[in-house]
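Nothing in this text is a laboratory measurement; each read-out follows from the coordinates by a stated rule. Just so we're clear, the structure is a prediction, and the values are computed from it rather than from any experiment. Virtual Cβ from ideal backbone geometry, glycine too; neighbours counted across all protein chains shown.
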Amino acid sequence: MSERSDDALRAHVRECDECRGAAVPIDALADVLGTNIVEVDAPRLSQLAVARVVPELHARAQQVFWRRVARALGIGLVPLPLLLAADLWALSRLYALAAAWMPFSLAADFVLTYAISLLALFGSAYAVIPLLLAHPVREPDVQPAG
């Protein structure tokens, strides 16, 4: 024990009537308390702490990921009605122009093919949002203890 703790123990025994009357072996207690050293296995404690924290961190990461996906999809879906209206208007103008130069069936095929390609383009653009949000999993940097 340090000098300060030893002095505090001796001061308590001098002041406390019960301890003074019991004849507390101060020197023996000080020796026992001074020699008992707790061995701390820091790597083992670190492994236990990480093992306990990993499920919580994984759950939190999943919550944050889905919140980001919802926010990105929400932001991405806001202009979608405007884009669809503009494309519908452009497709009707394209059909009117194509019908003036081509037979009805060929103009309809041309416009429908263009509409399907736009639909595939929109679908792929919105399908890639979660992939762009996902971060690659990085391995933690291992630093030696001590």
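Here are some notes:
- A Förster distance of 41 Å, applied to the separation of the beta-carbon atoms of Ala85 and Leu57, puts the FRET efficiency at 0.40.
- Contour minus Cα-Cα distance for Ile116 and Asp31 (0.36 nm per residue): 21.9 nm
- In nm, spacing of pseudo-spin labels at Ala8 and Arg68 (7 Å Cα→C-beta vector): 4.8
- Between Cys19 and Ala49, the FRET efficiency estimated from the beta carbon spacing at R0 = 35 angstrom works out to 0.30.
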